[in-house]
Amino acid sequence: MGFASAMVVAMAIDAGFGWPGGLFARIGHPVSWLGKWIDALDQSWNRDTQSSETRRAAGAAAALIVIALSALFSWAIQLGMPPGWSRTLLLGALAWPFIALRSLHYHVAAVAGPLQAGDLASARAAVAKIVGRDPNTLDAAGIARAAIESLAENASDGIAAPVFWGTLFGLPGIVGYKAVNTLDSMIGHRTVRHEAFGWAAARIDDVANFLPARLTGLVFALAGRRPREAVACMMQDARNHRSINAGWPEAAMAAALGVRLCGPRSYHGVLADEPWLNGDARDPGGADIARALALYRYAMIGLAGLLVILALL
């Protein structure tokens, strides 16, 4: 039946249950396990006394070790599974923790409620949990943009990309991808500490997300009511984004909703003069976050439907 069926199972489990808080309290989460491993390597191998070249080599070695061992361990588990439907269900259950379908919806919806009620303080507190920009500098439109951008980008990183690699390679594909993505989120930043050490992690993440990001943008475009405008906006504006990948789902979301996204924002007191996506449109508000969440649900249903078609083929 291929791996597509297993990815549908994983998406269905996560949509229904997410990762229960009680389970997290008992055993944590597989991504947090990866995070502890990466942090240990960062503390041990990334030293201020090293040269930039040495730190870059150490970071590349750390990234390759984490990715390779994660994928190999998952491959060994997959080899031992029985054939048929039981294998599909087992693969889906093991892939489930690596898909953030429900939690992404929850965290973005937590911004929409207070923003629509006019409670900017609570909306800023909620959006601070999902973006890195300074929440206190955000007005209502800035909060809405941040939430919608996070929804669009993380739909790619948190769902479409792991499902893409899981469909191709099964459990090693989805676990290996989450190792890549976790490495990037922890050490792939352009800071003094991680500029050199995290260079390889960031580049590997760019490659791993190249096709999934564009697929996510296309799915958003097709799920909305303005597919031509969304595709045109992707082709015109996505390349101007600071990320070679995030601009695609964000541009598609912007045009599908008829709002503008991205633009100037502040990170740790430093103004980043980012270009606009769909810049001639209006600013979003709290109601547009709700519309974005509806589009997200339609798009993820469409993605699951595409996987079902692949499984039947």
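The values are calculated or read from the model by the stated rules, or taken from the named source; none is laboratory data. These numbers come from a predicted model, not from an experiment. Glycine gets a Cβ as well: all are built from the backbone with ideal geometry, and neighbour counts include every protein chain shown.
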Candidates W37, W19, filtered to the one that is under 19 Å from N181 (Cα atoms) and at pLDDT below 95 = W19
V192 vs. criteria part of a loop (DSSP other than H, G, I, E, B) and free of Cβ contacts under 8 Å to residues at least 12 places away in the same chain = yes
Do the conditions hold for L91, that is, is it over 12 Å from F197 (Cβ atoms), under 22 Å from the mean Cα position of the chain (by Cα) and in a helix (DSSP H, G or I)?
-> yes
Pairs returned, first residue in the stretch 228-251 that is touching a residue at least 24 places away in the same chain (Cβ under 8 Å) and within 23 Å of S185 (Cβ to Cβ), second residue that is of a type in the set (S, T, N, Q) and surrounded by 24 or more Cβ atoms within 10 Å (Cβ to Cβ), beta-carbon separation under 6 angstrom, 6 or more apart or interchain, are N245/N209; P249/S156; P249/T216
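Looking at the stretch 289-307 only, could you name the residues that are buried (at least 21 other Cβ atoms within 10 Å of the Cβ) and under 15 Å from R226 (Cα atoms)?
A292, L295, Y296, A299 - these are the residues of the stretch 289-307 that are buried (at least 21 other Cβ atoms within 10 Å of the Cβ) and under 15 Å from R226 (Cα atoms).
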When you look at F210, is it within 19 Å of the chain's Cα centre (by Cα), within 30 Å of T88 (Cβ to Cβ) and surrounded by 24 or more Cβ atoms within 10 Å (Cβ to Cβ), yes or no?
-> no
Selection over the stretch 219-237 where residues are assigned to a loop (DSSP other than H, G, I, E, B) and among the basic types (K, R) yields a count of 2
For the stretch 1-38, enumerate the residues that are touching a residue at least 40 places away in the same chain (Cβ under 8 Å), over 19 Å from the mean Cα position of the chain (by Cα) and surrounded by 15 or more Cβ atoms within 10 Å (Cβ to Cβ).
-> G2, F3, A4, S5, A6, V9
Has the stretch 286-297 got at least one residue that is of a type in the set (A, V, I, L, M, F, W, C), touching a helix residue (DSSP H, G or I) at 6+ places or on another chain (Cβ under 9 Å), in contact (Cβ under 8 Å) with a residue 40 or more places away in the chain and part of a loop (DSSP other than H, G, I, E, B)?
-> no
In the stretch 259-285, anything at pLDDT 95 or above, buried (at least 17 other Cβ atoms within 10 Å of the Cβ) and not in a strand (DSSP E or B) is listed as R260, N278, A281, P284, G285
Looking at the stretch 236-258, which of its residues are over 19 Å from A160 (Cβ atoms) and modelled with pLDDT of 95 or more?
-> Q236, D237, G258
Counting only residues that are free of Cβ contacts under 8 Å to residues at least 40 places away in the same chain, surrounded by 15 or more Cβ atoms within 10 Å (Cβ to Cβ) and farther than 20 Å from A254 by Cβ, how many does the stretch 124-144 have?
-> 4
So which of R145, R133 is at pLDDT below 95, in contact with a strand residue (DSSP E or B) (Cβ under 9 Å, 6 or more places away or on another chain) and within 25 Å of A287 (Cβ to Cβ)?
-> R133
